[in-house]
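Questions regarding the structure given below will be posed in turn.
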Amino acid sequence: MKNADVINHVKGTSLFIDDFPAPEGVLHIAVFDSKIACGKITKLNYDKVLSVPGVAAVITAKDIPGENQIGNIVSDETILADGEVEYIGEPIAIVAADTVENAKAAANLIEIEFDELPAVTDPREAYEKGNLIAPPQTFSDGDVEKGFAESDVVIDGRVDIGGQEHLYLETQGAMAVPSEDGKIKIYSSTQSPTAVQRAAAKVLGVPMHKIETDVLRLGGGFGGKEDQATPWAVMTALVSRLTGKPAKLILSRQDDLRMTGKRHPYSADYKIGLSRDGEILAYEATYYQNAGACADLSTAILERTLFHATNSYFIPNVKTTGISCKTNLPPNTAFRGFGGPQGMFVMETAIYKAAEKLGVPAYEIQKKNLLKENDSLYYGQKAERVQAERCWNEAAEEFNLQEKFAAVKEFNEKNNLRKKGVALMPICFGISFTSSFLNQASALVHVYTDGSVGVSTAAVEMGQGVNEKIRSVVSQTFSISQEKVKMETTNTTRVANTSPTAASSGADLNGNAALLACNNILNRLKKFAAESLKEDDPAKVEIKNEKIFYDGKETGMNWESFINDAYFNRINLASHAFYATPEVYFDRTINKGRPFAYHVYGTAIITAEVDILRGVCEIESVDVVHDFGKSINRQVDLGQVEGAVVQGIGWLTMEELVQNDEGKLLSNSLSTYKIPDIFSAPKEMNVKFLEDSENPFGPLNSKAIGEPPFMYGIGAYFAIMNAMKEYNPNADKEIRAPLTHERVLMSLKNLK
Amino acid sequence: MPKNTMQKITFILNNENIFADVKPNSTLLDFIRKKERLTGTKEVCKEGDCGACSVLIGELENGIVRYKNVTSCIYPIANAEGKHVVTIEGLNQNSLNKIQEFYVGENAAQCGFCTPGFIVSTAEYFLNNNERNVEKVYDSISGNICRCTGYGSIKRAAEKLVADVPEAPEDYGERLKFLIEKKIIPEYFLSIKDKLQNILQTKKIDADGAKGKTIVAGGTDLFVQRADEMLNEEGYFVKNFAKKFISEENGSVILSGATTFEDFFNSEIIKTAIPNIHKAFKLIASQAVRNSATLAGNIVNASPIGDMTIILLALNAKLILKGKREREIALKDFYLDYKKVDKANDEIIEKIIFEKPGRGFRFNFEKVSKRTHLDIASVNTAFAAFADDGIIRSATLSAGGIAPIPKVLEEATEFLSGKEINNALLNEVVEIANSVISPISDVRGSADYKRLLLGQLIKAHFIELFSDRLNVGEAI
């Protein structure tokens, strides 16, 4: 089956916000933002702006009709700075004009003065100063002190992990169109239509039913449009409300890079204790999360760091503490993995260093400690349907691990100038929003009189293929061709109170809701079919390939005529259904519970090659066995794994966010912030689908796919480290990501 | 006061003739998206670094319309004069074209924002290659960035495409017919030649003096650095009248300033004159940028890390500048200070000349950047040497990223002359180089790193060229 979205993508006919024909009289918005990272605004004068031809409005904090507040978890984020600024790029005023050029030129005429205060950009420094987003949070199980006392080897160390720019190719953007009676429709590139609706209502001071958010598709999200699409959408609504005109805002790339948050940089301390034969007995870690200036989703992200602190391993004694540190950077935010990658990276570092100390390869420790069925995860959930060892063993077998090791050894013996290294990376990633209430979704399914079907859900399509998966669920449930099923925009008037499309849960939650809605209609149709056939058992009615059967026999009715008949007989051909994930909860008074419906497992084997002379590295191969459950669409799922792996490798090897001490982003364009291109993607990538993995929580037995494979990228870091060690065994004192060409060469030469 | 001169422009966009009044320094992308509302071409980075805005430019040369892919976000509209511009819409047919068909087959698109650019660049591959080689497809899409797929599905689509489409006729005109038959390009491409000829006959190109105007060549740096200011400036678009040529005369290689990077690397004269030059090719920009960027632009832009400048410095190139009078200057003397060059503002670089090296000539270019391809160097360096019997007779070593200007490392160059090649020499030359450079810490690396890296790359020159004279294990 061809992916309907892809057909439009290749023709360039898929529409994104900036492609929509703008309504007549549309105003374009320029955002005037802070040039300093911390301080008080002492003067703000825009008299000159108002005389610029084409300018329709200048809006500052004092013009906001409702509340100047868009914070989601914590109310600590203004939409326009009010008196003080906390990061470079913080919006202070917005200018609306007839053209983008005029709006920008006018914004440049705003006069501003600050009382500048020293900026803090380092999370440990913020911690020492007591600048926290929330009180520290600790998870623990067993007794770490006892565990360390019983260990034969205990080591500790520090890890520093860089952030990551989402670099969704479509920048943040929105367009608001006013309607009658104060209603505003916002077209937004958001993963969270309800967050936009709620924030716009709050800022405008109107009930939520006055705001309609509509999302067609996103040109990439990756978490960067979960919370951070909101301000720009609200700004268009604000201009629309205050001028009565449609308003549009598409951030330029440089504005987007400067103003929006990224994946959180972390600094962490770890301590690990093991028995002589490599059993991990105790693990302790403290994470200093660089949250940026506002809470955004930082506390939830930090919590997931704690959930995934032990990755795919069973460890009896664990204690982890997360500290969300407030710094003068744009608020960092959700990004594929949502804190999980940082937690796992620290764990893998601890194992890597422990392996050095024990004089064994890291993979022996990894393998020995993999989760087994019914092991208890340290946050209280029992691991069920565990696939950790199966994935590991199948990967080792399928991809000839021992031969790979031998080939690399031989290569290294023969070559001076280039060295290779191999690392394995098992993953275990929990699926469900850890804020249990978010695990809900609705779907609205309409069967039209010609038999075609329209489906609305809360899921937002951003390239991850959720629309294609839900189409598949609907077409399989009705047993009609996929062409008959159309996915509608995600719209808060059709489907209300949506959870963000995030946490890899889009297809699970919304697919299940769509399934329920389809079954509602199907049950009515079966009852009607039985009646019209003058039979008594609706359960014996079956629709197969658009034909109606009774008791296994063809009835002569086909889907189209049957639906038309149903309509004339006043059968309800629409259904709204609601799905809530069963069994998930988490008790934050004791930090124990069953936060996840299930876990996704897998193992990757990564081979890297380092050019010793130049410090340049390449990822030669990534071989993966991944647990997809029963995949709804193999092509879509494969694409998610490949894309996630490359993004993960980019995070740890190439993508370097550089700020100066004043908190100014220096890697502020695509010429200075580099993401993987076709040549730096792994030369070879093989993905094997683990067979026979059941998942009753996923629609049609499938499993969530978006985030888990991102963490395979962590293996690339350690594969490069292993290659470097082949040249200089002492090359790797410091664990600091990303491992750029610069850091590789400097480490090889033991320079800072 | 900014001069807001509108200029008439004539070109063909897909299958339509365009006659428009434009600001000559506005971008082709804005014209396509905003004026023509062809929204398949996307804006992502506005600096030629991602390829989402890729279009084909067809230019009439010797009776043949030849197509190249360029990034329309940094392509001044004035440079489209008299050309055929093809967007994704201009490649669409009634049903999916062949490239699109394979992309759909492999699900080689996720969010879809980069996809039209990939399709356009892949079409360029078919237009300019009669043989089937997937690596060449990758060259064509080397400037296209995708954030979603990890390139796996894109590679599979490319592999299957080259396996499916047979080799094409070498003759360009015949090839167009072949590509139409194979459903890679639409039929109207055949009518473009005549249409372009008509445009060119009716339009006289203005080649007035540069005085008071911003001289624009490929625009690939100008439109990255100062697109907004450029918008209201008058431009002097050298590409509209400057001849492009690469020739050999009296033992010298002569290049017109308007030579594009891509022309340079594809030139048989260059390939013969400079051994190993093909290795540099992939490390420099992307194909789409190489198709626009000119040698003169690279030189005059005076970036301390201009790749082509570093290569030409090692070749001891000289420049012929043309203003009120013509004058000659050695390239190495052209740079006065950071972004300051010895050039009056109405002078243009007409020619670049270097002596064609003869026997015993060796050449090597090294560059390390954060990302190996389509990135700006942390440090780049070129080494040109005549050597025989293990002795360096003469050599030139140039380097970028280590001083305010692109430089010939003269002390190292002088020192090398007459020396025997061995590990000791290597260490000495690295030390000399180190003593004359002054790198700064910036987003492309710390000063200490750049210092270390230059030394490593000098070693790389020797290892690449004279490994038989060295103990390589010790040298690294």
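The values are calculated or read from the model by the stated rules, or taken from the named source; none is laboratory data. Because the structure is a prediction, the values reported are computed rather than measured. Cβ sites come from the backbone with ideal geometry, for glycine too, and all protein chains shown count toward neighbours.
Looking at region B:181-194, I want the residues that are assigned by TED's automatic domain parsing to the domain that holds residue B:83 and have a partner that is at pLDDT below 95 and surrounded by fewer than 17 Cβ atoms within 10 Å (Cβ to Cβ) with Cβ atoms under 8 Å, at least 6 apart or on another chain. Which pairs are those?
B:193/B:63; B:193/B:64
Of the residues that make up region A:334-341, is at least one of a type in the set (Phe, Trp, Tyr), touching a residue at least 60 places away in the same chain (Cβ under 8 Å) and farther than 22 Å from residue B:147 by Cβ?
no
Which of (1) surrounded by 15 or more Cβ atoms within 10 Å (Cβ to Cβ); (2) within 14 Å of chain A (Cβ to nearest Cβ); (3) of a type in the set (Gly, Ala, Ser) does residue B:441 not meet, given it meets every other one?
Of the numbered conditions (1) surrounded by 15 or more Cβ atoms within 10 Å (Cβ to Cβ); (2) within 14 Å of chain A (Cβ to nearest Cβ); (3) of a type in the set (Gly, Ala, Ser), the odd one out for residue B:441 is (1).
Looking only at region B:122-145, filter to residues that are away from chain A (no Cβ under 14 Å) and assigned to a loop (DSSP other than H, G, I, E, B); which one of those is surrounded by the fewest Cβ atoms within 10 Å (Cβ to Cβ)?
Taking the candidates together, the pick is B:131.
Moving to a separate point now. Condition check: buried (at least 24 other Cβ atoms within 10 Å of the Cβ), farther than 30 Å from residue A:724 by Cβ and away from chain B (no Cβ under 11 Å). Does residue A:599 satisfy that?
yes
Would you please list the contacts, defined by Cβ atoms under 6 Å and residues six or more apart or on different chains, that run from a residue in region A:60-73 that is closer than 15 Å to residue A:196 by Cβ to a residue that is aliphatic (A, V, I, L, M)?
What qualifies is A:66/A:203; A:66/A:204; A:70/A:79; A:70/A:199.
Further question on the same structure: Here is a check on your reading of the model: is residue B:36 away from every other protein chain (no Cβ under 13 Å) and either more than 17 Å from the chain's Cα centre (by Cα) or at pLDDT below 95 (or both)?
Here the answer is no, as residue B:36 does not meet what is asked.
Test residue B:217 against the criterion of being under 19 Å from the mean Cα position of the chain (by Cα), at pLDDT 90 or above and more than 14 Å from chain A (Cβ to nearest Cβ), and give yes or no.
Here the answer is yes, as residue B:217 does meet what is asked.
Can you tell me how many residues in region B:357-414 are hydrophobic (A, V, I, L, M, F, W, C), assigned to a strand (DSSP E or B) and under 30 Å from residue A:653 (Cα atoms)?
The number of residues fulfilling the criteria is 6.
Looking only at residues that are part of a helix (DSSP H, G or I) and more than 9 Å from chain A (Cβ to nearest Cβ) in region B:82-101, which one is nearest to the chain's Cα centre (by Cα)?
By that ranking, first place goes to B:90.
Residue-wise test of (1) surrounded by fewer than 22 Cβ atoms within 10 Å (Cβ to Cβ); (2) hydrophobic (A, V, I, L, M, F, W, C).
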residue: B:28; (1), (2): no, yes
residue: B:36; (1), (2): yes, no
residue: B:41; (1), (2): no, no
residue: B:44; (1), (2): no, yes
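Further question: For region A:652-672, give me each residue that is farther than 19 Å from residue B:45 by Cα, part of a loop (DSSP other than H, G, I, E, B) and in contact (Cβ under 8 Å) with a residue 60 or more places away in the chain.
A:661, A:662, A:663, A:664
Kindly indicate which of A:731, A:704, A:681 is part of a loop (DSSP other than H, G, I, E, B), of a type in the set (Gly, Ala, Ser) and at pLDDT below 95.
A:731
For residue A:675, indicate whether it is part of a loop (DSSP other than H, G, I, E, B), at the interface with chain B (Cβ under 10 Å from one of its Cβ atoms) and in contact (Cβ under 8 Å) with a residue 24 or more places away in the chain.
Here the answer is yes, as residue A:675 does meet what is asked.
For region A:18-52, enumerate the residues that are touching a residue at least 60 places away in the same chain (Cβ under 8 Å), aliphatic (A, V, I, L, M) and touching a Leu at 6+ places or on another chain (Cβ under 8 Å).
Of everything in region A:18-52, those that are touching a residue at least 60 places away in the same chain (Cβ under 8 Å), aliphatic (A, V, I, L, M) and touching a Leu at 6+ places or on another chain (Cβ under 8 Å) turn out to be A:29, A:31, A:37, A:49.
Taking into account only those residues within region B:458-475 that are in contact with a Lys or Arg (Cβ under 7 Å, 6 or more places away or on another chain) and modelled with pLDDT of 95 or more, which is nearest to the other protein chains (Cβ to nearest Cβ)?
Among those residues, the one meeting the criterion is B:460.
Which count do you get for residues in region A:385-429 that are buried (at least 19 other Cβ atoms within 10 Å of the Cβ) and aromatic (Phe, Trp, Tyr)?
3
Does residue A:711 satisfy the criteria of being under 24 Å from the mean Cα position of the chain (by Cα) and either closer than 28 Å to residue A:601 by Cα or away from chain B (no Cβ under 14 Å) (or both)?
Taking the combined requirement at face value, the residue satisfies it.
Please work out which one of (1) closer than 30 Å to residue A:483 by Cβ; (2) crowded, with 23+ Cβ neighbours inside 10 Å; (3) of a type in the set (Asp, Glu) is the condition residue A:560 fails and give its number.
For residue A:560, the exception is condition (2).
Shifting gears a bit: Counting only residues that are β-branched (Val, Ile, Thr) and out of contact with any Asp or Glu (no Cβ under 9 Å at 6 or more places or on another chain), which one in region A:80-105 is surrounded by the fewest Cβ atoms within 10 Å (Cβ to Cβ)?
It comes out as A:99.
Let me ask something else about it. Can you name every residue in region B:400-433 that is in contact with a helix residue (DSSP H, G or I) (Cβ under 6 Å, 6 or more places away or on another chain) and of a type in the set (Gly, Ala, Ser)?
Passing the criteria: B:400, B:401, B:412, B:433.
Answer yes if at least one residue in region A:484-493 is in a helix (DSSP H, G or I) and basic (Lys, Arg), and no otherwise.
The answer is yes, given that some residue of region A:484-493 is in a helix (DSSP H, G or I) and basic (Lys, Arg).
Take region A:1-41 and flag every residue that is more than 14 Å from chain B (Cβ to nearest Cβ), touching a helix residue (DSSP H, G or I) at 6+ places or on another chain (Cβ under 7 Å) and surrounded by 22 or more Cβ atoms within 10 Å (Cβ to Cβ).
Result: A:27, A:29, A:31, A:32.
Consider residue A:747 against the criteria (1) part of a helix (DSSP H, G or I); (2) surrounded by fewer than 24 Cβ atoms within 10 Å (Cβ to Cβ); (3) facing chain B (nearest Cβ under 9 Å); (4) not charged (D, E, K, R): it satisfies all of them except one. Which criterion is unmet?
All conditions are met except number (3).
Please go through region B:102-114 and give me each residue that is at the interface with another protein chain (Cβ under 7 Å from one of its Cβ atoms) and in contact with a Phe, Trp or Tyr (Cβ under 9 Å, 6 or more places away or on another chain), ordered by number.
B:103, B:109, B:111, B:112, B:113, listed by residue number.
What number of residues within region B:39-76 are assigned to a loop (DSSP other than H, G, I, E, B) and either hydroxyl-bearing (Ser, Thr, Tyr) or within 13 Å of another protein chain (Cβ to nearest Cβ) (or both)?
16
Mind checking whether some residue in region A:164-182 is more than 30 Å from the chain's Cα centre (by Cα) and of a type in the set (A, V, I, L, M)?
Within region A:164-182, none of the residues are more than 30 Å from the chain's Cα centre (by Cα) and of a type in the set (A, V, I, L, M).
While we're on this one: May I ask you to list the residues in region A:110-160 that are without any contact (Cβ under 8 Å) to a residue 24 or more places away in the chain and either in contact with a Pro (Cβ under 8 Å, 6 or more places away or on another chain) or basic (Lys, Arg) (or both)?
A:129
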